[in-house]
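The numbers here are math on the coordinates, done by the rules we state, and not lab data. As the structure is a computational prediction, the values presented were derived from the model and not from experiment. In this analysis, Cβ positions are derived from the backbone assuming ideal geometry, glycine residues included, and neighbour counts consider all displayed protein chains.
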Amino acid sequence: MMATEIKGIAASEGYAIGRAVILREEAVPQGITYVEAGEEAAELSRFDTAVAAARSELEELHNRMIADGREKEAEIFEAHLMLLEDEELIGAAQERIRGQRYKAEAAMNESGEEVADMLAALDDEYLRERAADVRDVSRRVIRKLGHGTDADSFPASTTATHSKEKSILFAFDLTPSDTAQLDPSVIGGFVTAVGGRTSHSAIIARSVGIPAIVGAGDEALRIEDGQLVIVDGAAGLVLVEPEDEELARYRALQETAAGQRALLEQFRGKPSVSADGHQVELVANIGSVQDARQAHEQGAEGVGLFRTEFLYMGRSDLPTEDEQFSAYKDAAEAFGQGAPIVIRTMDIGGDKELPSLQLEKEDNPFLGYRAIRICLDRPELFKTQLRAVLRASAYGNLKIMFPMIATLGEWRQAKALLEQAKQELRSENIAFNERIEAGIMIEIPAAAQMADRFAREVDFFSIGTNDLVQYTMAADRMNPKLGYLSDPLHPPVLRLIDQVIRAAHKENKWVGMCGEMAGTPIAIPILLGMGLDEFSMSASAVLPARALLSRLDREKLTFLAEAVLDLDDAEAVRSYVEQHVPELTK
């Protein structure tokens, strides 16, 4: 008997074989229930408490994504946090409670469905997909009101009873929150009846590496628990109860993919060297000590970016000097004495709020009071962190990096405060590395344009491409309609990067990159040709990057790096690199 085939949209590539687990939709409160007259204030307070709890949960999830180097997913949950401030969603629910005496659950449900239905009716595919985000946020609040399964228990509910095989989830839809919490050791893949390739669940599935098919229609809901299924995430195909020949073919495809992963293992613990013998550093972006340990296990040679703001977030008070010292020291010891550990000072503001600082709301926070601007304005707060980093420098090869530097004056103020912290520690007879390196993050075009002047004073540069792109192209990277501009391969961005590297090398200073671009295969040949010294990326990207580097000839790539600067746009750059770097497909 031939296998039943279900066709859907290929959302995340890969092959999965396992037993079906049907994920039932949460029960959402139906109908309208009211509170007694005079109880509106108490019900409104109950609702506001649930919204605050949902916000705290989303902040934790957002922080976890950032700490894992999953910035794309973090942006999704930033959008969810913004929905908790939305007047059409939260404000409308509050008005239903206040003015019509709705019970909180009913108010949230009706407001959520109203906004979601409005989005789902739009012509724009991206905006239609955001209906799932609205429902996700709405149901999170409802769970916090005491209805349905709490989000944190989601992975446990998907554990299969078939111990020899991974589970294949089938559902009407999966929320972004659900998908972010899937455990690849338990879940082999998933299939949903609705959704598109641009849905946030699809984006997360691709980042986690779970094969996924969306938009498979009602047939996906007719699968029975325990049926054997194959998910072909490349073809968008589900095979139900496959024949032995089909099982053998897909197991062979799985083995081929596993073989490719095994080839990467030969690069673990090896130096990062190009085919013509040029050595660079491949290091990791981290947000915690645990990330440092995982990065070391993944083969990273050190840390190119320790996002220290996560020591400050998710708490009502500020971390003490001793708390910070312990975290920085432990990160250094996770790698060993010689490994470089670049500590970025607190980068709060913009998309990262900190309740303990009581920062005012800004119309454009990415261009506002953030990062080094806060630190220079509150020197005692800044010096607490500087003292902690300096103390930890006695236990490893720590370096200090100041973010969001726009002017030489800001750099000199920060350096002066660092010198004050050093003098305090000397007077207290506390050990630290007197020769600790101090550098700046190049993420503002003004700093890139002045790189020749900065290079005379700093010890190093680290290029933050995520912000450099959005500031250079005047394109908010959170705005989906501007995705064509949010590309680091645009020649104006490449020209700034080339200018920074040349300026640093003229003064015999090293240059790193800690934006997402550093771990992107299409960009690595360009950056190698430009002479980038350090590539900092998510831990999972280290071995693939090292394998690619081993196939590239840096000498030949210097000509490619010069050529792309004269092309018209990012697509032209991408095509040129694909045409001239065959090693990308080996």
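Some observations on this one:
- Among beta bridges that DSSP assigns inside the chain, antiparallel share in %, nearest 5: 35
- Hits among aspartates and glutamates - C-alpha to C-alpha of residue 270 under 14 Å, sequence gap 8 or more where chains match: 281, 297, 301
- Ranking of 61, 253 by count of other Cβ atoms within 10 Å, fewest first: 253, 61
- Listed by chain and number, the lysines whose C-alpha is less than 27 Å from the C-alpha of residue 144, apart from same-chain residues fewer than 8 away, are 72, 103, 352, 361.
- Order of 454, 460 - criterion: other Cβ atoms within 10 Å of each residue's Cβ, fewest first: 460, 454
- For the chain, the Stokes-Einstein estimate of translational diffusion at 10 °C and a viscosity of 1.306 mPa s comes to 61 µm²/s, using the Kirkwood hydrodynamic radius over alpha-carbon pairs.
- Antiparallel bridges, percent of DSSP beta bridges restricted to region 287-442 (to nearest 5): 10
- Amide H contacts for residue 173 (H built 1.01 Å from N in the peptide plane; partners 5 or more residues away or on another chain; cut-off under 5 Å): 193.
- Based on Cα contacts under 8 Å between residues 6+ apart, region 40-148 shows a relative contact order of 30 percent.
- Summary of the geometry: region 332-411 and region 62-92, compared by the centres of their Cα atoms, lie 23 Å apart.
- Relative to one another, the C-alpha centroids of region 184-202 and region 447-523 are positioned 33 Å apart.
- For 411, 510, order by how many other beta-carbon atoms lie within 10 Å, fewest first: 510, 411
- Within the same chain, lysines fewer than 8 places from residue 586 are excluded, and of the rest, those with a Cα less than 19 Å from its Cα are 556.
- If you bin all the Cα-Cα distances of region 287-442 at 5 Å, starting from zero, the percentages per bin are 2, 9, 19, 22, 21, 15, 8, 3, 0, 0.
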